[in-house]
Amino acid sequence: MIVVTGATGNVGRHLVRTLASAGEWVTAVSRRVPAGEVPGNVEFQQADPARPESLKPALDGADALYLLVPGDGEGLDPHAILDTARAAGVRRVVLQSSQATATRPHSPAHTRLRVFEDAVRESGLQWTVLRPSGFASNAYMWAPSVRSERTITAPFGDVALPVVDPADIAAVAAEALRDGSHAGRTYELTGPAPVSPREQARAIGDALGAPVRFVEQSRAEARELLLRFMPEPVVEATLGILGEPTPEERRVSPDVERVLGRAPRPFSAWAADSAAAFR
């Protein structure tokens, strides 16, 4: 049995579906249980990683754990979570981290993820660390303005980064959870090519069959907007990556193709699959 934390998120929902389709028994853990039907081999349970004892019923009898660190990880004790998993019989853990833990080693916004990476590697469990780049699904923040005005407003319009489809992260995670040959590996997950915000707007317009106008923000305007729902260190780290990416952050990683035997999905494919959100 495989336990997936963050099961209702952008990666988690794809991962639950992928594992269930492969015939795995899945316990899907989230802070809320979604309404609607789920496959017969999936059980949803409410739990909060900030309270490791709440995870015990979900972990009982599990072989593998997909560990998502919610938000900035504040208040989470990685050792308590991993001790709880090990006591329940879990043998393998796959951690969803971030590319920025390597590319921005001094960024305070990613301190907790670095702590989790260290804890996972020292846990005595078989481990795999996934470091995805920016998510294609971050484009959902533009959905209201696309629906109402067919407009996208964003900073750094022509700075291109290889954003990754969450479905590809989930596919790699499923392989790592099911196959012990991925133990001890750290995978950097990106899309197949850098794509700029202006190009993303064009791809969303193509998916809708209608043009989407792109309006470039200043850095200061973007900062003011992001501060409404992100802590300041996270805002600064995000704007740094979007506006002044390092060569490593611009690079296309081969790891998705190495694991899956196929190229990662382009942003245009994600936009086509997600067009309903922008209509």
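For this structure, a couple of remarks:
- 5 angstrom amide H check on ARG185, placed H, neighbours 5+ away: VAL129
- DSSP beta bridges in the chain [antiparallel fraction, %, rounded to 5]: 5
- Residues with amide H under 5 Å from that of VAL11, placed H, sequence gap 5 or more: none
- Relative to the longest principal axis of the Cα atoms of the chain, helix 78-87 runs at roughly 40 degrees.
- Remark: spin-label model distance ARG262-ALA143 equals 2.4 nm, labels positioned 7 Å along the Cα→Cβ axis.
- Where GluC sites (Glu not before Pro) in DSSP loops with at most 15 other Cβ within 10 Å are excluded, longest remaining stretch of the chain: 123-279
- Of ARG198, ARG258, ARG228, the residue with the greatest mean-square motion in the GNM of the chain, using alpha carbon springs below 10 Å, is ARG228.
- Of the trypsin sites (Lys or Arg not before Pro) found in segment 9-48, the ones in coil according to DSSP and having at most 13 other Cβ atoms within 10 Å of their Cβ are ARG32.
- Given charges at Cβ of Lys, Arg, Asp, Glu: the chain dipole, positive-most of THR27, PRO264, ALA207: ALA207
- On Cα atoms only, tilt of 111-121 relative to the major axis of the chain in degrees: 40
- Whole-percent carbon and sulfur share, accessible surface of segment 17-115, 1.4 Å: 50
The values are calculated or read from the model by the stated rules, or taken from the named source; none is laboratory data. Everything numeric in this text was worked out from a predicted model, so none of it was measured. Ideal geometry is used to build each Cβ from the backbone, glycine not excepted, and the neighbour counts take in all protein chains shown. Note: areas computed on protein heavy atoms with side chains; ligands, DNA, RNA excluded. Shrake-Rupley method; radii C 1.70, N 1.55, O 1.52, S 1.80 Å.
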